[in-house]
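Presented below is the structure to which this report refers.
Bear in mind these aren't lab numbers, they're just calculated from the coordinates by the rules spelled out. These numbers were taken from a predicted model, which means no experiment stands behind them. As a convention, Cβ positions derive from the backbone with ideal geometry for all residues, glycine included, and neighbour counts pool all protein chains shown.
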């Protein structure tokens, strides 16, 4: 039998390096899944990031965060030797493999969908790069900061418009990314970047959720687009972003319970300044006790990020205790998607994810009674619906849809800054969470594409019309033609000889 000949020496080099890294990870972290996970991560970047791609690697980085949520506990326990709380009662290996399969299926779908559109649509030629000048951009940023809070309050006051208003509120992040991207090109301005991020992180710490993460991650995306490994300044800025993100996340885990209780009791109110003062007091107290609290809070952070425990229990119970639902959960999510509240105001609310965890994982977790929801995730829902391997089919289809829409926006919207900021925010927010349910994933995706994408499309076309009008040449003045008799009469009057 003839053995296949490798395509090029580079392919052999990549394979050997990948194998060496995987073996090293197995030895370093003490679990065979560490090696499998590293190979999966390499495949994600190999599939989704090619040399010469326009814009930041938002798809690859979004799936990397999903990968981290699937594998974080393996690397943390292997590196520190500390056992994460709650994982003792579950066989996590099958669910980790299922999670990696879902992330790889999603990556394959994104690649296939993007390729499908790129073969049928040409890239924009002679497309304008800059959207607006700095002055208008900063004015838009200030306006977005003001209107974001208003839109969020209106969203929960008017149930029929909730999704549309929440989608439009994300325009603030798109404008922020555009600013951060400009501050990285053509030269890096770390001081200004850190100034914007300090304001955004402080603002994010006043919310009910960890909203400080998105600005830091968007800054990382902006840097990755122009990152030069030989530049010390680039490494220093990237390291600063990573450290701030890690420290802020650990601190948030240490103070979030008390801060949320204060919000729930309504004595803090909605004032940003009052909330910021309270958060400063909590963080100061945390820093004084960091030697005693930091390690425990880090354990809690990793356990929270490792979205495996409850899905792993569900894998043990289905179909051994409960049968597969044959697509019931996915059908309910699709039905919820195609019945928008704007047209169906009496549509019932989505059931709490905690109810699903209680039923299929067999653990009575906190739920709507405590004003909370414990995530189950699209991967666990797909497993409960179909089991292996059919569960990967809806993940692949969703990936194809998202990949096609990503490429369609990139090729339809002419202004490059507008196109890149739009796809970065939409597809980052839609793809970075492994633990989000199908109903929320599909609803957020469609809503943001329709409202935020539609608004960007109209803005792009309006700006193109203005640009065309500005570039239109002025028409030369037309001299009226005269009849020969009139011309002769005029010539005689001025003493000119007749023809």
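To the nearest µm²/s, what D does Stokes-Einstein give for the chain at 20 °C and 1.002 mPa s, using the Kirkwood radius over alpha carbon pairs as Rh? Write out the running numbers ahead of the final one.
On the way: Rh = 25.7 Å.
Rounded to a whole number, D works out at 83 µm²/s.
Percentage of Cα-Cα pair distances in segment 371-425 greater than 12 Å, rounded to whole percent? When all Cα pairs of segment 371-425 are counted, 71 percent exceed 12 Å. Principal semi-axes of the equivalent ellipsoid, √(5λ) from the alpha carbon gyration tensor of segment 124-231, are 27, 18, 12 Å from largest down.
Taking a label point 7 Å from the Cα of residue 130 along the Cα→Cβ vector, which residues of segment 179-201 have an amide N closer than 16 Å to it? Correct set: 179-187. Distance between the 7 Å Cα→Cβ label points at residue 19 and residue 39: 1.1 nm. For a modelled paramagnetic label at residue 364, 7 Å from Cα along Cα-to-Cβ, no residue of segment 43-86 is in reach, as no backbone nitrogen comes under 16 Å. Ordered from longest to shortest, the equivalent ellipsoid semi-axes for segment 62-143 are 42, 23, 9 Å, each the square root of 5 times a Cα gyration tensor eigenvalue.
Treating r as the C-beta distance of residue 335 and residue 158 and R0 as 22 Å, the FRET efficiency rounds to 0.45.
Scattering from segment 151-308 was approximated by placing one identical point on each alpha carbon and applying the Debye formula without solvent; log10 I(q)/I(0) at 0.10 1/Å stands at -0.45. Computing Rg and the Kirkwood Rh from the Cα coordinates of segment 221-262 gives a ratio, Rg/Rh, of 1.24. Ranked by how many other Cβ atoms sit within 10 Å of their own Cβ, fewest first, the residues 384, 150, 70, 255 fall in the order 150, 255, 384, 70. The alpha carbons of segment 148-202 stretch over 45, 22, 10 Å along the principal axes, in descending order.
Which FRET efficiency, nearest 0.05, do residue 228 and residue 455 yield, Cβ-Cβ r, R0 35 Å? Step by step, r from the Cβ atoms, then E = 0.55.
Would you list 427, 209 from fewest to most Cβ contacts within 10 Å? Walk me through the intermediate numbers first.
On the way: 427 22, 209 10.
In increasing order of surrounding Cβ atoms, one gets 209, 427.
Nearest 0.05, what FRET efficiency do residue 211 and residue 289 give at R0 = 30 Å with Cβ-Cβ as r? Don't jump to the answer; show the numbers that get you there.
On the way: r = 25 Å, r/R0 = 0.82.
Using R0 = 30 Å, I get an efficiency of 0.75.
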